[in-house]
1. Can residue 78 be described as closer than 23 Å to residue 290 by Cβ and under 24 Å from the mean Cα position of the chain (by Cα)?
2. Quick one: in the range 84-95, of everything that is part of a helix (DSSP H, G or I) and under 20 Å from the mean Cα position of the chain (by Cα), which residue is surrounded by the fewest Cβ atoms within 10 Å (Cβ to Cβ)?
3. Report, by residue number, each residue of the range 17-52 that is more than 23 Å from residue 303 (Cβ to Cβ) and in a helix (DSSP H, G or I).
4. Are there helices (runs of 4 or more DSSP H) fully within the range 96-183 with at least 1 residues that are more than 16 Å from the ligand (Cβ to nearest atom)? List them.
5. For residue 240, state whether it is within 16 Å of the ligand (Cβ to nearest atom) and farther than 15 Å from residue 186 by Cα.
6. Looking at 295, 255, 251, which one is touching a residue at least 24 places away in the same chain (Cβ under 8 Å), more than 16 Å from the ligand (Cβ to nearest atom) and surrounded by 21 or more Cβ atoms within 10 Å (Cβ to Cβ)?
Amino acid sequence: MQRSYVIKPELGKEYPRVSHGKGIYLYDTSGKRYIDGCSGAVTASIGHGVEEIAEAMAEQARKVSFAYRSHFSSEAVEELGAKLAEWAPGELNWSFFVNSGSEATETAQKIAIQYWQEQGRPSKTRMISRWMSYHGITMGALSMSGHVLRRKRFVPLLADYPAISPPYPYRRPDGMSLEQYARLCADELETAILRVGPEQVAAFIAEPVIGASGGAVVPPDGYFQRIREICDKYDVLFIADEVMTGVGRTGEKFGIDHWGVKPDLITLGKGMSAGYTPMAAAMATEKIIDTITRGSGLIMAGHTYSANPQSAAVSLAVLRYVEAHNLVEKAAVQGAYLLRKLRELADESPLIGEARGLGLLCGLEFVKDKRTKEPFPLSRGVAARVISRAFENGLLVYPATGGLEGVAGDSVILSPPLTITTEEIDELVDLLKKSVQRVQ
Ligand code: PLP
């Protein structure tokens, strides 16, 4: 094979070359087949090789791929905006299009800060976020992220944001009810706002279900309702980071819909274009956009490729596909089946402390001692070994270890395409079981 000059995630490691994909399967150039058990990075949510999307892509490319957003709008982008407004809860009708989840969360951060500035409250610039969270890799997004492993090298360059603990029901204090625990965790936000001073705080950002830094950690009922109350009490905007949970992944259109809470801003990425093109968005309410329109009239954000017609057409085709195939409902049904199978696996395996999840966003947490829930030292790399055995066995699994040594376990995410069938779930779980057995 010719020498590679591409910087890969692990330098010096040989990666197989992907050849093609169909449905939940990917194939490499040697002909080996892999079940995409995590939709790549929880992204390829309608599966691979969907003809309708390829058609929409070619059709738009023949018309026009790129026209700069300062010069033109386009049919594709307008229709996508309208479709998202239809999908989103409450008054979240406005979309600012970007190209990655990191750009989406930073754009939401900027819109939140600007919203207060336009009302003569310029000191409200600070964000509050949670440990065991991930909001992206660029400096602003990483500042908001409580993913220790990814922050570590850059801490001196980061704004010092994460301030509160996430709800982590598996590790709640012994004897505490979920209801009490929801209240305890949410009330940490009030304490944090009071410590910093409400006049300093622009927004609170959280993932409805914790993804990359924890492995599908689902909050207890009541948590987000209380978060909403606290945000309202202190004039703090609530940003739901739905980059991983949005567009049906959890069995509702948006993760936050499970609790009927209406955020002020929502960020989307990943499943929004299901891997067919880079596409992401920060969505804001009528109130926020009215305020900025009446003020400076210009949101100080955006990228060269923001709102390009090509990505918009692809993303629109993906949303229509999700609707036409009832994939939100399917995610709920197939997710319940997958979770049941994962719980059976957890019962059998001495390594798995908990199987958890919502819809088709599921996670496994590995522990040294199931009774005490003592985590493995992260240097043992148990999740990494499971992922590597699974890869050998032809199954793709996503890492979700946030680097909180001693506080959280080693976790992985299982999040196959929302199109997955029951037989395919059985096949996925069989391969996973074999992979876990080879590690224990
Ligand atoms: N927000 C959440 C909740 C995510 O899970 C991710 C990526 O995993 C991001 C933001 C960053 O998205 P991207 O990798 O597209 O920049």
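The values are calculated or read from the model by the stated rules, or taken from the named source; none is laboratory data. Just so you know, these numbers come straight off a predicted model, no measurement behind them. Cβ: placed from backbone, ideal geometry, glycine included. Neighbour counts: every protein chain shown.
1. Values: closer than 23 Å to residue 290 by Cβ: yes; under 24 Å from the mean Cα position of the chain (by Cα): no.
In short, no.
2. Step one: of the range 84-95, the residues part of a helix (DSSP H, G or I) are 84-87.
Filter again for under 20 Å from the mean Cα position of the chain (by Cα), leaving 84-85, 87.
On the way: 84: 25, 85: 15, 87: 21.
Once the filter is applied, the top-ranked residue is 85.
3. The answer is 39, 51, 52.
4. Details: elements: 101-117, 139-144, 148-151.
Passing ranges, in order: 101-117.
5. Details: within 16 Å of the ligand (Cβ to nearest atom): yes; farther than 15 Å from residue 186 by Cα: no.
No: the conditions fail for residue 240.
6. On the way: 295 fails: surrounded by 21 or more Cβ atoms within 10 Å (Cβ to Cβ); 255 fails: more than 16 Å from the ligand (Cβ to nearest atom).
One residue alone meets the criteria, 251.
Matching residues to (1) modelled with pLDDT of 95 or more; (2) under 22 Å from residue 360 (Cα atoms); (3) within 16 Å of the ligand (Cβ to nearest atom); (4) touching a Cys at 6+ places or on another chain (Cβ under 7 Å):
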residue	(1), (2), (3), (4)
277	yes, yes, yes, no
284	yes, no, no, no
290	yes, no, no, no
305	yes, no, yes, no
310	yes, no, no, no
317	yes, yes, no, no
329	yes, yes, no, no
332	yes, yes, no, no
336	yes, yes, no, no
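Residue-by-condition table, conditions (1) surrounded by 10 or more Cβ atoms within 10 Å (Cβ to Cβ); (2) modelled with pLDDT under 95; (3) not assigned by TED's automatic domain parsing to the domain that holds residue 268:
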{"site": "4", "(1), (2), (3)": "yes, yes, yes"}
{"site": "7", "(1), (2), (3)": "no, yes, yes"}
{"site": "28", "(1), (2), (3)": "yes, no, yes"}
{"site": "34", "(1), (2), (3)": "yes, no, yes"}
{"site": "41", "(1), (2), (3)": "yes, no, yes"}
{"site": "44", "(1), (2), (3)": "yes, no, yes"}
{"site": "60", "(1), (2), (3)": "yes, no, no"}
